[in-house]
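Read the figures in this text as sums done on the coordinates, not as results from a lab. Remember, it's a predicted structure, so these values are computed and weren't measured experimentally. Here the Cβ positions follow ideal geometry from the backbone for every residue, glycine too, while neighbour counts run over all protein chains shown.
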Amino acid sequence: MDGIVGEVVGSVLVVIATLFPVVNPLGNTPIFLSLTEGLTDEARTRLSRSIAINGLILMVGSLLIGTHILGFFGISLPVVEVGGGLLVVSTGWSLLHSNEDEETDESAKRPCNSSNYMRRAFYPLTLPLTVGPGTMAMAITIGANETGGPLWHWELIGLLVGVAAVALSIYVCYRYAENVAKALGETAMNVIIRLSSFILICIGVQIMWNGVSALLRTVLQK
């Protein structure tokens, strides 16, 4: 019994310690707010729940079948990191250079509503903002390193519980993001959004570099 509990707890801790810093829902909160400005509390709750569910599906899918999907299409992890890093950089760049005073587009002048933003629940709010290529690559790596021992099913349960805990943290952070914004004030939030956008660009570049470095090593070894 102690071995089973230890296996489950160990797997949960591994997933949380690995994925939570990469997902970083607390750090993404200001960006989430900037992309959902004008939503009602009820709409933001629905959107937060949808993002958390989407993130859960992506992480569980990457954990369980990620290696098989990549193998089927002949795609390597470094290639995923390069492509995903480009997406993250693009999102961060657009946020960094967004100007709230420029609303030349007619669609930008329309009031925000839940239907508009629910269409963006998966892209870009879930992928790549919340559960990006880095998170998926980490989840695939965890799944690929599953020991497959006599307690493998308990290990799997622990991994799934850990992923569910990360998804729950996404929901909580996004659901109460507006409370954090009110506590900090508009000026502080604007500064945090710009800094977070720059950090997001840096994360994207780092993910890209990880992929490029791995690809270069394979070339140099030949």
Using alpha-carbon coordinates, inclination of helix 2-23 to the longest axis of the chain, degrees: 40
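What does the charge dipole of the stretch 2-220 about its Cα centre add up to, to the nearest 20 debye, if the Cβ of each Lys and Arg holds +1 and the Cβ of each Asp and Glu holds -1?
Working: 11 positive and 16 negative charges, 36 e Å.
With only Lys, Arg, Asp and Glu charged at Cβ, the dipole is about 180 debye.
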Alpha carbon convex hull of the stretch 171-214, volume per residue in cubic angstrom: 65
The stretch 2-220, relative contact order [Cα under 8 Å, separation at least 6], %: 48
Paired Rg and Dmax values of the chain, which use every Cα atom, in angstrom: 18.9, 64
Helix 25-35 vs. the chain, principal-axis angle (Cα, 0 to 90°, nearest 10): 40
